[in-house]
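Below is one structure, written out as structure tokens; the observations come after it.
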Amino acid sequence: MTVLDSLRRFDAYPKIDKEFSIRTVGGATLTFISGTIIIVLIYSELIAYLTPVVTDELFVDSTRGQKLKINLDFYIPRISCDYVSLDAQDATGEQHLHIEHTIYKRRMDLKGNPIEEAKKEDISAPKPRLEKKEEEVKKCGSCYGAEKNSTHCCETCQDVIDAYREKQWNPNLDDFEQCQNEVLLGKKSLESKAFSEGCQIYGSMQVNRVGGSFHIAPGKSFSISHIHVHDVQPFSSSRFNTSHRINTLSFGEEFGYGQTRPLDFTEETAHEGAIMFQYYIKIVPTEFVPLNGPTLHTNQFSVTKHQKSVSVMSGESGMPGIFVNYELSPLMVRFTEKRNSFSHFATNLCAIIGGIFTVAGIIDSLLFTSIHALKRKIELGKFS
């Protein structure tokens, strides 16, 4: 016995001569079906192999020195852009008044169509008041105690209001003759301007990476003795309908996983004036590590909504508007893209091919044996 003859004993795949093999239509059909299934499964396995696997982990956030980027797009259909302001304040006490320098405003009609192109509002320092000549001082209106000097005068209602704000006093327009005259002359035109248009406020802003808030509210904002105030005069707060639609709100870039924009396309309707909408947001810092490219730092968030009436009759404190309060979680989530291992892919391919052929062989053997036995019974006349 030669060495080759000894090796033949270990052949696990004995061959059958062609003259002893039988080919059937059923076997051909089963071969075609099993081959199709194998191709489909191999294709799906290839797609799964080429698609990165995303794993997530949770750990304490230790990042420092980063800013929080707030992306927003709000549409207020019942208040003109001239009577809407956006303000932000963080937990450190840093307050940003009229932060339109990072925000665009677009005038909209009551049907939601743009009236003109969006405008970017810049923060500008108060313009210095021009000193009047002595012969013009006599024609100037009183500033009601808010004068800078003896030559300072207030000819219009806005001049008086600006003078009071510089002193951080609260102006009462009913006490100012300039305001009474302007209201009598132009109250109807003011109303038509304030409530005959809508406003879209959109853009992004960078704030300190600590808890804070921002709000969109009617009236011009200013501070009196470190208290944030909105001046809605000559109107009352109940005249402003704060219905709104949130086209988008996010705290960073979108990366395709998690909840980065759960408030998108949210619509809230105020059925009366002086409604205060409040959104309490819990921000979870998130890190996304792709297979290729730099690491993306963004944020996910969950939200709780609340609304209440702040009219005089309700007895509730507050002012109408859209208020977003956010705080950051001390934990961070990291999503990491990883490629599947080739050994796992090869193992699955072998399992697919071998498993399908094995099962198909068992089915073919059962069918062939059953059909052959049935034919024998028919030939012997034992089939009934």
Matching residues in segment 347-374 - criterion: being surrounded by 12 or more Cβ atoms within 10 Å (Cβ to Cβ) and either within 44 Å of the chain's Cα centre (by Cα) or outside any helix (DSSP H, G or I) (or both): Asn348, Leu349, Ala351, Ile352
Check Ser225, Ser243, Ser237 and return the single one that is out of contact with any strand residue (DSSP E or B) (no Cβ under 6 Å at 6 or more places or on another chain), under 30 Å from Met313 (Cα atoms), at pLDDT below 85 and open to solvent by less than 50 Å² (accessible area, probe 1.4 Å). Ser237
Within segment 208-222, how many residues are in a strand (DSSP E or B), modelled with pLDDT of 85 or more and either open to solvent by 20 Å² or more (accessible area, probe 1.4 Å) or not aromatic (Phe, Trp, Tyr) (or both)? 6
Condition first: in contact with a Gly (Cβ under 8 Å, 6 or more places away or on another chain) and surrounded by fewer than 19 Cβ atoms within 10 Å (Cβ to Cβ). Now tell me which residues in segment 299-309 satisfy that. Lys308
When you scan segment 257-267, do you find a residue that is in the same structural domain as Ile216 (by the TED database), surrounded by 14 or more Cβ atoms within 10 Å (Cβ to Cβ) and in a strand (DSSP E or B), even just one? yes
Out of all the residues in segment 142-165, which are within 45 Å of the chain's Cα centre (by Cα), modelled with pLDDT under 80 and either surrounded by 14 or more Cβ atoms within 10 Å (Cβ to Cβ) or outside any helix (DSSP H, G or I) (or both)? Thr156, Cys157, Ile161, Asp162, Arg165
Of the residues in segment 192-207, those that are more than 9 Å from Thr102 (Cα to Cα) and open to solvent by less than 20 Å² (accessible area, probe 1.4 Å) come to Ala194, Gly198, Cys199, Ile201, Val207
With criteria (1) open to solvent by 60 Å² or more (accessible area, probe 1.4 Å); (2) at pLDDT 75 or above; (3) within 30 Å of Val210 (Cβ to Cβ), Val40 comes up short on (3)
In segment 35-61, the residues that are over 26 Å from Glu287 (Cα atoms) and among the small types (Gly, Ala, Ser): Gly35, Ser44
Just the residues that are over 18 Å from Leu331 (Cα atoms) and either open to solvent by 80 Å² or more (accessible area, probe 1.4 Å) or outside any loop (DSSP other than H, G, I, E, B) (or both), please, taken from segment 281-298. Asn292, Pro294
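The values are calculated or read from the model by the stated rules, or taken from the named source; none is laboratory data. Source: prediction; values computed, not measured. Every residue, glycine as well, gets a Cβ built from its backbone with ideal geometry; the counts of neighbours run over all protein chains shown. We work out accessible area using only protein heavy atoms, side chains counted, and drop any ligands, DNA or RNA first. Shrake-Rupley method; radii C 1.70, N 1.55, O 1.52, S 1.80 Å.
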